[in-house]
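Below is one structure; the comments refer to it alone.
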Amino acid sequence: MIDITLQNFESELIQASMTQPVLLDIWAPWCGPCKQLGPVLEKLETEYAGGFVLAKLNADEVPEIAGQLSQMFGVRSIPFCVMFAQGQPVDGFVGAIPEAQIREFLAKHVATPEQVEAEEEVEEAEQMLASDKPDIHAVLERLRAAVETDPANDVAWIDYLKVLLGLARHDDAALAEARQAYAQVAPRALADARFAALEHGLLAAEAVRDARAAGRSPEALRAAIAAAPRDFATRLELARHFFAAGAMTEAMDELLEILMRDKGWSDGLARKTYVAILELMSKPAPKAATPEAKKGAVEIAGKAVVVPGDPVIDSYRRKLSMVLF
């Protein structure tokens, strides 16, 4: 718990909320309900174990900030609590409401201990992946733990499935685990292109497994295509070989050959696979930069984040557009 003053509100409230939610409790020594609410908030801060920071502001000592927030939310009484996130006041409540209602309020803005633990597992796994020689199986263990701890964490599932698909190139057990894992999140593909793309990655890995079992090598597929350029099923199989091996541009080149001859073949399967590859190649948007705070002002505007383009991805997007339109 921290006390907010004119001197520290930028650093301890605005800037601090860029990395962690901060709940500001506006109170006064003469306020009876404030004395009832305070201990409950302190108890919840301890229980949430770092999920949010509790900040206290004495309305009598710092009327400038209390007045701005009261005017912003149309509130004229205390206790008045305001949640700050990403440098902005985003929500609030008035009065010494019951603990159950406070918990409902916190649930909208504050990660549970399980969510925090899963995020930490994901961060550790991603740091390991970024190293020169990552221990893939150790990474996989962390990501398994993350999805078990917080099944709602999309990033954990996506990282988990990507690692499994990488292992699936040479490991049928990893492929089976990936298919089983994907079945748990398949409905998310309807609203999230990343999960839809992962399904196409799974289909590619399974196609390679089946081709290997049947003795169909990439060389044999190329020979068959050379003899029959409109054998789209074989060309798709070759594209999936490249896809599963991580040779993304080679895979898209084969898919473009299909699209140039028949855009709608197999209910648009070539296009859907191509788009899935672009999605998996695309890097996630960077986190927003910490905004510069204006002294004496509560409302802080964040800077826009521009994601730098990848020339390879941009080039293949243009190629797809030229073929389709």
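The values are calculated or read from the model by the stated rules, or taken from the named source; none is laboratory data. Note that this is a predicted model, so its numbers are computed, not measured. For neighbour counting, all protein chains shown are included, and Cβ atoms are generated from backbone atoms with ideal geometry for every residue, glycine included. Side chains included, ligands, DNA and RNA excluded: accessible areas come from the protein's heavy atoms. Shrake-Rupley method; radii C 1.70, N 1.55, O 1.52, S 1.80 Å.
A few notes on this one:
- Check on LEU37, in contact with a strand residue (DSSP E or B) (Cβ under 6 Å, 6 or more places away or on another chain), at pLDDT 90 or above and aliphatic (A, V, I, L, M): no
- Inter-residue pairs, beta-carbon under 6 Å, first under 15 Å from ILE97 (Cα atoms) and touching a residue at least 60 places away in the same chain (Cβ under 8 Å) and in region 28-52, second assigned to a helix (DSSP H, G or I) and open to solvent by 40 Å² or more (accessible area, probe 1.4 Å), 6+ apart: VAL40/GLU99
- Candidates are the residues of region 19-34 that are farther than 12 Å from VAL53 by Cβ and out of contact with any Pro (no Cβ under 6 Å at 6 or more places or on another chain); the one that is most open to solvent (accessible area, probe 1.4 Å) is TRP30.
- Checked against the criterion of being farther than 14 Å from GLY95 by Cα, in a helix (DSSP H, G or I) and open to solvent by 10 Å² or more (accessible area, probe 1.4 Å), region 47-60 has at least one qualifying residue.
- Check on ALA66, buried (at least 16 other Cβ atoms within 10 Å of the Cβ) and under 34 Å from the mean Cα position of the chain (by Cα): no
- Residue in region 169-185 that is in contact with an Asp or Glu (Cβ under 6 Å, 6 or more places away or on another chain) and buried (at least 16 other Cβ atoms within 10 Å of the Cβ) present: no
- All helices (runs of 4 or more DSSP H) inside region 121-237 with 1 or more residues being of a type in the set (Ser, Thr, Tyr): 136-149, 154-168, 172-185
- Within region 82-96, considering residues that are open to solvent by 40 Å² or more (accessible area, probe 1.4 Å) and in contact (Cβ under 8 Å) with a residue 40 or more places away in the chain, the one farthest from ALA16 (Cα to Cα): ALA96
Matching residues to (1) at pLDDT below 95; (2) open to solvent by 60 Å² or more (accessible area, probe 1.4 Å); (3) over 28 Å from LEU164 (Cα atoms):
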position: ALA226; (1), (2), (3): no, yes, yes
position: GLU237; (1), (2), (3): no, no, no
position: ALA244; (1), (2), (3): no, no, no
position: THR273; (1), (2), (3): no, no, no
position: LYS287; (1), (2), (3): yes, yes, no
position: ALA293; (1), (2), (3): yes, no, yes
position: VAL298; (1), (2), (3): yes, no, yes
position: LYS319; (1), (2), (3): no, yes, yes
position: LEU324; (1), (2), (3): yes, no, yes
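- Within region 1-34, if we keep just the residues that are among the small types (Gly, Ala, Ser) and out of contact with any helix residue (DSSP H, G or I) (no Cβ under 8 Å at 6 or more places or on another chain), the residue that is farthest from VAL116 (Cα to Cα) turns out to be GLY32.
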